[in-house]
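The next block holds one structure in the form of structure tokens; read it before the comments.
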Amino acid sequence: MEYWQKEIETLSREELEALQLKRLKHTLKLAENVPFYKKAFAEKGISTDGIRSLDDLRKLPYTTKEDLRNNYPYGLAAIPLKDCVRLHSSSGTTGNPTVILHSAKDLDEWANQVARCMYMVGIRDTDVFQNTSGYGMFTGGLGFQYGAEKLGCLTVPAAAGNSKRQIKFITDFGTTCLHIIPSYATRLAEVMYAEGIDPRRDTKLHTICIGAEPHSEEQRQRIEQLLGVKAYNCFGMSEMNGPGVAFECTEQNGLHIWEDYTIVEIVNPETLEPVPDGEAGELVLTTINREAMPLIRYRTRDLTCVLTGECGCGRTHKRLARFKGRSDDMLILKGVNIFPIQIEKILMQFNELGSNYLITVESVDNNDEMLIEVELSDLFTDDYSVLQRLTRDITHRLKDELLITPRLKLVSKGSLPVQEGKAIRVKDLRKF
Ligand SMILES: [Zn+2]
């Protein structure tokens, strides 16, 4: 097994926790420079000297997205602005956006985190890495750019969209690795096949990093098959820098979260009590290696769990399960909790179906109704009785998974809207 930083990635639990405590104490000293934290610590009667173990972390207050918005833009800076060299901002649909500040050291550490992730999945300095993320404020662009450069890849900052141009770069530059949104990966593969390019034969692609959207294991397998690559799940969020927070290793069984950078907690989102490993809850993260803007116990709204047991790759950093989605993505229909990813998981098991689908939820006579429209695959028949039987089979499987019966409509390929960025999978008309 090869490692980017073996001495860090394979630390014993004891050594890792000792490092975390040391870094946590340093982080709390920095946080005291922030009026918001200074006040929050005082209200809880906490002095940062009183934090003597990792368990003491629980005495500290939570930070929420709302707190970031309320302190927009520079209220949470822990160092003078003159020592900050970049900011990223995420657009909010309501209210102020959130801003994250970085020092030069923060950016270097972030690049190292991303390089470590990429190296973990077998990407090397001999690879040509094409990044199809939007650049600018979106962290998937510059985040991967600096990580790939640190690793030493020849890096192609293609940015988002324009499938034909992406494909030209992939074939002309001999691109071997991609960073891409999962829904766009299937879209790009479809365009390649339509252009008479078989990516398995006509490109050098071997590894892709997929993230920014929750996706099912079934969708991953479909992407791997279509493109003839290994696809690895990456997790990042702008509040925690961006990409590089957690990443799958070649075992493809959970995402290692770098515990020398963040402390992980999983809590019950209602009671905020910690839940044991193996149990699902909300991911709460504390940065312990960021100086410009440390975040203490940040509530991510993402639902996941810490996997138990050791990983075959030899890395000791905890693994997070595939994300179910954000707590905000959960749909409640007739009292039943449904994640869109549960629907995708079923749809992707039918070869007769393509990859594009749309879920619409509306209220009809005060009753919640769900309509799922899904495109048929290229090769499939338009024989009515076959389609009827297929509709029945899929509906049956959906009912088993969701516990409610959705209305299913199979539509011809190309009839649903295509997005070159993040796919819009759900329309909840009840909110308007
Ligand atoms: Zn592993």
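Each reported figure results from applying straightforward, stated rules to the coordinates on display, with no laboratory input. The structure displayed is predicted, hence computed values, not measured ones. Methodologically, a virtual Cβ is constructed for each residue, glycine included, from the backbone with ideal geometry; neighbour enumeration extends over all protein chains shown.
Please label the shape of region 160-245 as rounded, prolate or oblate, based on the square roots a ≥ b ≥ c of the eigenvalues of the alpha-carbon gyration tensor (a/c under 1.5 means rounded; beyond that, a/b larger than b/c means prolate, else oblate).
Taking the square roots of the gyration eigenvalues as a ≥ b ≥ c, region 160-245 is prolate.
Describe numerically, in nm with one decimal, the distance between label points set 7 Å from Cα along Cα→Cβ at Thr395 and at Thr308.
Spacing of the two 7 Å Cα→Cβ label points: 4.1 nm.
How would Met330, Met348 line up from fewest to most surrounding beta-carbon atoms within 10 angstrom?
Neighbour counts put them in this order, fewest first: Met330, Met348.
Would you mind ranking Met240, Met120, Met137 by Cβ crowding within 10 Å, fewest neighbours first?
Met137, Met120, Met240
Pop the C-beta distance of Gln419 and Arg52 into the FRET formula with R0 = 51 Å and round what comes out to the nearest 0.05.
0.55
Determine by what factor the alpha-carbon radius of gyration of region 352-432 differs from 2.2 N^0.38 Å, reporting the quotient.
Cα-based Rg divided by the globular estimate yields 1.16.
Quick one: compute the contact order of the chain, relative version, from alpha carbon pairs under 8 angstrom and 6+ residues apart, as a percent.
14 percent
Starting from the Cα of Arg407, move 7 Å in the Cα-to-Cβ direction to define the label point; list residues of region 370-387 whose amide nitrogen is under 20 Å from there.
370-376, 387
Could you state, as a whole-number percent, how many of the C-alpha pairs of the chain are farther apart than 43 Å?
Counting pairs separated by more than 43 Å, the tail of P(r) holds 15 percent.
By how many nm would the segment from Gln252 to Ile197 grow when fully extended, if each residue of separation counts as 0.36 nm and the alpha-carbon distance is taken off?
Going from the current span to full extension adds 17.0 nm.
Normalised by the empirical 2.2 N^0.38 Å for globular proteins, what value does the Cα Rg of region 268-307 take?
1.28
Can you give me the relative contact order of region 1-146 as a percent, contacts being Cα pairs under 8 Å and 6 or more apart?
Value for region 1-146: 21 percent.
State, to one decimal in nm, how far the label point of Gln5 lies from the label point of Lys59, with both points 7 Å from Cα in the Cβ direction.
Here the modelled spin labels are 2.9 nm apart.
Do any GluC sites (Glu not before Pro) in region 2-53 lie in a loop, going by DSSP, with at most 10 other beta-carbon atoms within 10 Å of their beta carbon, and if so which?
For GluC sites (Glu not before Pro) across region 2-53 that sit outside H, G, I, E and B with at most 10 neighbouring Cβ atoms in 10 Å, the list reads Glu2.
Mind scanning Lys345/Lys427; Lys25/Lys230; Lys230/Lys409 and naming the pairs with a C-alpha gap bigger than 29 Å?
Lys25/Lys230; Lys230/Lys409
Normalising by the residue count of region 278-432, find the relative contact order in percent from Cα pairs under 8 Å and 6+ residues apart.
18 percent
Size of the dipole of the chain about the Cα centre, Lys and Arg at +1 and Asp and Glu at -1 on the beta carbon, nothing else charged, in debye to 20?
700 debye
Against the longest principal axis of the chain, how steep is helix 217-227, in degrees 0 to 90 to the nearest 10, with axes from Cα atoms?
70 degrees
For a Förster distance of 30 Å, can you work out the FRET efficiency between the beta-carbons of Asp428 and Asp383, rounded to the nearest 0.05?
Efficiency at R0 = 30 Å is approximately 0.35.
Let's see if you can work this out: charge +1 on each Lys and Arg Cβ, -1 on each Asp and Glu Cβ, no other charges. What is the dipole magnitude of region 330-420 about its Cα centre, in debye to the nearest 20?
I would put it at about 260 debye.
Extending each Cα 7 Å along its Cβ direction at Lys44 and Gln349, get the distance between those two points in nm, one decimal.
Going from the Lys44 label point to the Gln349 one covers 4.3 nm.
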